[in-house]
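Read the figures in this text as sums done on the coordinates, not as results from a lab. Predicted model only: the values in this text are computed from it and were never measured. Quick reminder, even Gly has a Cβ in these numbers, built from the backbone with ideal geometry, and neighbours come from all protein chains shown.
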Amino acid sequence: MAGEKKGLHLLDFWVSPFGQRCRIALAEKNLAYEPLEQDLSNKSDLLLRANPVHKKIPVFLHDGRPICESLAILHYLDEAFPETPALLPSDAHARAHARLWADYADRKVFECGTRLWRLKEGGEPQAQARREMVEALRTLEAELGDKAYLAGEAFGFLDLAVVPFTAWFLAYERLGEFSVEEVCPRLVAWARRCGERESVARSLHPPEKVYEFVGYLKNKYGDK
Amino acid sequence: MEKTPENASQAAAAPLKLFGSWASSYTHRVQLALRLKGLEFAYAEEDLGNKSGELLRLNPVYKKVPVLVHGGRALPESVIILQYLDDAWPETRPLLPADAFDRALARFWCHFADDKLGPAVGAVFASTGEDQEAAVRQVHENLALIEAELRDGAFRGRRFFGGDDVGLLDVVLGCGSYWLAVFEEVTGVRLVDADAFPLFHSWLHDFEALDEVRETIPAIDRLLEYARGVRHMLLGLAGAGDAAASSTTATPTEAPAAAAPPAPAADIAVDI
């Protein structure tokens, strides 16, 4: 076992949207856990033992056993705590839909976002990242359609999985020099709606703070 | 998850149709899974160099194979399709294990297969010289991690990743691993040394011996011929900038590494 302590622990990093997914999920399920903020510039033995393959957060520890990767953690919480409110819907197709779009958000929104701050401003690769980001947001906007939530009429797994990225919208629009509100107004309204939920409000950080963090990332790791 | 009557009757009623490509390991995953579960399906072969209007309608977001159509609804992405099969046909042989922790492990390693191992193998295939040497080292590092899990980790003592029988991870890793031998032949590079990776090697041998797998994976000569053609094309494009990026011809790994954006941002150590 990676840890020896009984109970629930979450190895996390304050601004991580992947960690936030887990925080929101645990709050939605009313599960008590100990948050363990990690120093990613100086990784703890616990983190290295819990996730030796990727050495990344989030890692959820259940009586010392590690579960890695945010979407796997979300599934695990449903399966290991079946008495708590389910995150995933029960219908097979609805489950597939939720997984598909959560995966889309990871592969498109977050990946483009990373390229937006990492690549040199004004260059063609960054412009390409910007175009792809706009397209990804438009695609999500179309997927949301007239629904109140990505999952349908009620907040669900997919909303939970995507909402942490909304705290990064401000950073994306400043880096990409476009207006998120213009590109995806319904998604912006959806983000606001989700933000009214206590589990979400408690877990996300203000966009300005995220933007500040992105500035730090750009300085430290960005292409010069 | 619970079996619901709606799922069971819906499953029984509606036919299945799979859109795929004969050389696509992602397509093979779905074909194999359907066979393991004893589910009948119709199959439509797609020419990836000239995708049908129907495919583009069914998968507008990714425009790729495989796509599974069931009850009028289309589902892309092989790993998502495989999980759907378990959910929609709970009375059939399950692909995912029963235990929640084991399921989390299966999901983790499936993601590893597609996020790390697959692209690394693709990179070997698409490069030469020093770049290829670096890619080979990457593949070996990834295989070593899996070997370690088979030796003393999560999959210790098992014949298959799923246990006594094949499961999700076997299907995902297995349909793709047969390319290793093909790529070795075509590029002349050693990828899966039986001495360095004895457990992975014996797992792959046992996997490839299964009836349903033999029914699914194309004959080695066809794979070799195909791979030689793709390698030739990739090497020809390697000096042509981003020409490969607009190519609709899928490589065996569906991701021409020659067209990858510079310094893939996903790899940077910003673990947030």
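When the Cα gyration tensor is reduced to axis lengths a ≥ b ≥ c, the ratio a/c is 1.5 or higher for chain A, and with a/b not above b/c it is classed as oblate.
What shape does segment B:22-171 have by the C-alpha gyration tensor, where a ≥ b ≥ c are the square roots of the eigenvalues, rounded means a/c under 1.5, and otherwise prolate means a/b greater than b/c and oblate the rest? Could the numbers behind the result be given before it?
Details: a/c = 2.47, a/b = 1.13, b/c = 2.18.
Verdict is oblate for segment B:22-171.
Assuming charge only on the beta carbon of Lys and Arg (+1) and of Asp and Glu (-1), the dipole of segment B:80-143 about its Cα centre is about 80 debye to the nearest 20. In the protein assembly as shown the Cα-Cα distances spread across 10 Å bins starting at 0 as 4, 18, 30, 30, 16, 2 percent of all pairs. The calculated pair-distance distribution of segment B:10-88 uses every alpha carbon pair, bins of 5 angstrom beginning at 0, and gives 3, 16, 31, 28, 15, 6, 1 percent. The GluC sites (Glu not before Pro) of segment B:77-134 that meet both conditions, a loop assignment by DSSP and at most 12 other Cβ atoms within 10 Å of the site Cβ, are B:Glu91. Were the residues from B:Phe101 through B:Ala144 laid out at 0.36 nm apart, the gain over their Cα-Cα distance would be 13.2 nm. Can you pull out the GluC sites (Glu not before Pro) in segment A:153-224 that DSSP calls coil and that have at most 14 other Cβ atoms within 10 Å? Answer by residue number: A:Glu153, A:Glu177, A:Glu196.
Based on Cα atoms of segment A:8-80, Rg over Rh with Rh as the Kirkwood radius reads 0.93. Applying 1/(1 + (r/R0)^6) with r as the Cβ-Cβ distance of A:Ala148 and A:Asn42 and R0 = 41 angstrom yields a FRET efficiency of 0.45.
Apply the a/c threshold of 1.5 to the C-alpha gyration tensor of segment A:93-224 and tell me whether it is rounded, prolate or oblate. Prolate, because a/c is 1.5 or more and a/b exceeds b/c.
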